[in-house]
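Please read the structure below before turning to the comments.
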Amino acid sequence: MNSPIISIITPSYNQGHYLEETILSVITQEGDFSIDYLIMDGGSTDNSVEIIRRYSDMLASGTFVCKCKGVSIRWASEKDKGQSDAINKGITQSHGEILTYINSDDLFSPGAFAHVVKFFHLNPESDFVYGDGDVIDERGETIWEWLSRPYRHSVMLSYHFLWNDFSNYIMQQSTFWRRRAVNRIGLFDASFHYAMDAEYWIRAGDAGLVLSHLREKLGKFRLIRGTKSLSSPTVFWEDYLEIFRKYRKNRGLSKYLAFYYFNLALSFNLDVDRAFLSDRRLFERWNSLEEKVRKSLSRQANRGKSICRLVVANEHRKKNEPMNGAKQIRRVLKEDPLILFHPFGAFYALRYLLSIVGGGRVDRWQAGLASWYRRNRYDYRYHAND
């Protein structure tokens, strides 16, 4: 791959405070490649357009000195249908053999593009490459390192119940793909507003494309109060449940629905009944599915609610609220006694009973198990031999 064109898409809306730094992280990349930069602004009312126009004019006039084969900026400022729509508009207008997108408050690491070009040249079988990076705060200070891991489709389609976390370990800000991947799997799914990136990686894996991990820091993800990523503890759940439904063929969802309801209950101070009434958007999303599938999902949701009550009962027990915990147990046994034959139902029911007898020893045992599991099955990617 000699002197390729890399197309970068930045979806943006009223992010003038960070946008200039994002632009500079793109146009200051050094190496044997050209940059095709598309900034899709959603009609910002702050100083975003002024910043975009300034750098566009500087590049057009030659007053900004590039350290690659050339940089062009194309941009528009108009209303769109959201982040995925803006990214798709950019992709359809792009020219590059290599593509990626970077949000208007995130950054590429210096040297990222050169690493990607070299990797794709040496690994012609790879359709995607993703690296490591840093999670930064509003001031650009590093909060923690994001170290990815080799792609495993089954892990991407799972959820870590022991510590309440999704398994998307691929850092979007460090991910690049070839044009042929777009030709194979299409654009981003605009129905996803929070996990469109994870759905794209999973769709690629499901289609048999090769996603490769490069152990270099390629990007920086900025965590900012008030943005989508931190707007709610349940903000990603509805997208992820649709991912699980789609790629698990509508089966085996009760455990994921259980933890969807549990996370809602956490946000409602363990009010499970309120949590159960908050799934309207999720099931509206599934209204267009055939009746047989909808009925199956409804049954799995009811089973998930029973598991959720068992999980919440354990939370009440840990908070020294035995009456509230017992209330949830009685409700489950009355409404769905067969839940005790479900692996997750049996686990949480047994944990509740053992904890009543054994006190804090069961909690300490589970904390130790979670720590061991995370260290050996999840955080192994931090080890030198991964």
Within the stretch 236-249, track down each residue that is buried (at least 17 other Cβ atoms within 10 Å of the Cβ) and either assigned to a loop (DSSP other than H, G, I, E, B) or in contact (Cβ under 8 Å) with a residue 60 or more places away in the chain (or both). PHE236, TYR240, ILE243, PHE244
At pLDDT 95 or above and on the phi > 0 side of the Ramachandran plot: is that true of GLY252 in this structure? no
Can you list residue pairs whose Cβ atoms sit under 7 Å apart, with the first residue in the stretch 135-148 being within 16 Å of ILE170 (Cβ to Cβ) and the second being at pLDDT below 90 and open to solvent by less than 30 Å² (accessible area, probe 1.4 Å)? Count only pairs 6 or more apart in sequence or on different chains. LEU147/ARG381; SER148/TYR169; SER148/ARG381
Starting from the stretch 321-337, take each residue that is under 15 Å from ASP271 (Cβ atoms) and list its partners that are of a type in the set (D, E, K, R) and open to solvent by 30 Å² or more (accessible area, probe 1.4 Å), counting only C-beta distances under 7 angstrom and pairs at least six apart or across chains. GLY325/ARG317
Report, by residue number, each residue of the stretch 14-49 that is surrounded by fewer than 21 Cβ atoms within 10 Å (Cβ to Cβ) and aromatic (Phe, Trp, Tyr). TYR18
Is the stretch 113-131 home to any residue that is open to solvent by 10 Å² or more (accessible area, probe 1.4 Å), of a type in the set (Phe, Trp, Tyr) and under 14 Å from the mean Cα position of the chain (by Cα)? no
Residue among LEU187, LEU218 that is over 23 Å from ARG285 (Cβ atoms) and either modelled with pLDDT of 95 or more or open to solvent by 30 Å² or more (accessible area, probe 1.4 Å) (or both): LEU218
Run ILE102 past the list (1) over 16 Å from the mean Cα position of the chain (by Cα); (2) among the β-branched types (Val, Ile, Thr); (3) crowded, with 19+ Cβ neighbours inside 10 Å and report the number of the one that doesn't hold. (1)
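The values are calculated or read from the model by the stated rules, or taken from the named source; none is laboratory data. What you are looking at is a predicted structure, and each value in this text was computed from that prediction instead of being measured. FYI the Cβ positions are ideal-geometry reconstructions off the backbone, even for glycines, and counts take in every protein chain you see. Heads up: the accessible areas ignore ligands, DNA and RNA and are worked out on the full protein's heavy atoms, side chains in. Shrake-Rupley method; radii C 1.70, N 1.55, O 1.52, S 1.80 Å.
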